[in-house]
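Participant: This is the structure I have questions about; it appears just below.
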Amino acid sequence: MLKKLFAHPPRTTGFEKPEKFLLQFVFFEAVVRLIGHYYRERAGQKKKSTSHESLNIDVVRRSFAHFGISVADERLGLLLDSKRIKRKEKSARKLRDGLVHQWQADDVKEVTDRYESLSSALTEVSDAIKARVESTAK
């Protein structure tokens, strides 16, 4: 299933930075939730649908470690840390929430201002997962 996701990532050309960010984050979220689902299955835990898998940073760290996906802790923090709630320091997840649920002007501005670092972190994590998926397929 991960190979299928990576075969068709969202296209972001022609969109402004906030929309690009949302598409990138939704893709990242889908991939991370699927990894969490696989982790839960391997651990013999109660099954959940992938949409109900946790994006809790500790759970994500454990599932990545289980599958040998190497990602810098600071990158995961930038993307998922629920304690990062101050303006100009919000996690990507908190910014996504502000855009999706209310299209908050301050969050739009923050995403626009921080787009390069947020996009870089999303890409770095997705690339690490993709590399691991490709290495296991061989």
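The values are calculated or read from the model by the stated rules, or taken from the named source; none is laboratory data. This structure is a prediction, so every number in the text was calculated from the model and none was measured. Cβ placement follows ideal geometry from the backbone for every residue including glycine, while neighbour counts extend to all protein chains displayed.
Participant: Return yes or no: is residue 54 over 16 Å from residue 127 (Cα atoms), modelled with pLDDT under 90 and surrounded by 11 or more Cβ atoms within 10 Å (Cβ to Cβ)? If you could, list the steps in order and put the result at the bottom.
Facilitator: Values: over 16 Å from residue 127 (Cα atoms): yes; modelled with pLDDT under 90: yes; surrounded by 11 or more Cβ atoms within 10 Å (Cβ to Cβ): yes.
The answer is yes for residue 54.
Participant: How many residues does region 101-123 contain that are in a helix (DSSP H, G or I) and surrounded by fewer than 16 Cβ atoms within 10 Å (Cβ to Cβ)?
Facilitator: Going residue by residue through region 101-123, those that are in a helix (DSSP H, G or I) are 101-102, 105-123.
Those left that are additionally surrounded by fewer than 16 Cβ atoms within 10 Å (Cβ to Cβ): 101-102, 105-106, 109, 112-113, 116-117, 120, 123.
Counting residues in region 101-123 that are in a helix (DSSP H, G or I) and surrounded by fewer than 16 Cβ atoms within 10 Å (Cβ to Cβ) gives 11.
Participant: Moving to a separate point now. Can you say whether residue 44 is at pLDDT 90 or above, part of a loop (DSSP other than H, G, I, E, B) and loosely packed, with under 12 Cβ neighbours inside 10 Å, as far as the supplied structure shows?
Facilitator: On the way: at pLDDT 90 or above: no; part of a loop (DSSP other than H, G, I, E, B): yes; loosely packed, with under 12 Cβ neighbours inside 10 Å: yes.
The answer is no for residue 44.
Participant: Among the listed residues 135, 126, which satisfies the condition of being assigned to a helix (DSSP H, G or I) and farther than 19 Å from residue 29 by Cβ? Spell out how you get there, then give the answer.
Facilitator: Working: 126 fails: farther than 19 Å from residue 29 by Cβ.
Among 135, 126, only 135 is assigned to a helix (DSSP H, G or I) and farther than 19 Å from residue 29 by Cβ.
Participant: Among the residues that make up region 80-100, is at least one of them closer than 14 Å to residue 122 by Cα, in a loop (DSSP other than H, G, I, E, B), in contact with a helix residue (DSSP H, G or I) (Cβ under 8 Å, 6 or more places away or on another chain) and not hydroxyl-bearing (Ser, Thr, Tyr)?
Facilitator: Looking through region 80-100, at least one residue is closer than 14 Å to residue 122 by Cα, in a loop (DSSP other than H, G, I, E, B), in contact with a helix residue (DSSP H, G or I) (Cβ under 8 Å, 6 or more places away or on another chain) and not hydroxyl-bearing (Ser, Thr, Tyr).
Participant: Of these, 31, 26, which one is buried (at least 17 other Cβ atoms within 10 Å of the Cβ), out of contact with any Gly (no Cβ under 6 Å at 6 or more places or on another chain), not polar (S, T, N, Q) and not in a loop (DSSP other than H, G, I, E, B)? It would help to see each step written out before you state the result.
Facilitator: Details: 26 fails: buried (at least 17 other Cβ atoms within 10 Å of the Cβ).
That would be 31, the only listed residue that is buried (at least 17 other Cβ atoms within 10 Å of the Cβ), out of contact with any Gly (no Cβ under 6 Å at 6 or more places or on another chain), not polar (S, T, N, Q) and not in a loop (DSSP other than H, G, I, E, B).
Participant: Could you tell me which numbered condition residue 69 fails, if it satisfies all but one of (1) part of a helix (DSSP H, G or I); (2) of a type in the set (A, V, I, L, M, F, W, C); (3) under 17 Å from residue 5 (Cβ atoms)?
Facilitator: It is condition (1) that residue 69 fails.
Participant: Would you mind stating whether residue 61 is surrounded by 13 or more Cβ atoms within 10 Å (Cβ to Cβ), in a helix (DSSP H, G or I), of a type in the set (D, E, K, R) and in contact with a His (Cβ under 9 Å, 6 or more places away or on another chain)? First the steps, then the outcome.
Facilitator: On the way: surrounded by 13 or more Cβ atoms within 10 Å (Cβ to Cβ): yes; in a helix (DSSP H, G or I): yes; of a type in the set (D, E, K, R): yes; in contact with a His (Cβ under 9 Å, 6 or more places away or on another chain): no.
Spelling it out, it is not the case that residue 61 is surrounded by 13 or more Cβ atoms within 10 Å (Cβ to Cβ), in a helix (DSSP H, G or I), of a type in the set (D, E, K, R) and in contact with a His (Cβ under 9 Å, 6 or more places away or on another chain).
Participant: What about residue 78, is it among the hydrophobic types (A, V, I, L, M, F, W, C), surrounded by 19 or more Cβ atoms within 10 Å (Cβ to Cβ), farther than 19 Å from residue 2 by Cβ and touching a Ser or Thr at 6+ places or on another chain (Cβ under 9 Å)?
Facilitator: Judged against the criteria, residue 78 is a match.
Participant: For residues that are touching a Leu at 6+ places or on another chain (Cβ under 8 Å) and closer than 17 Å to residue 104 by Cα, tally how many sit in region 1-24.
Facilitator: 3
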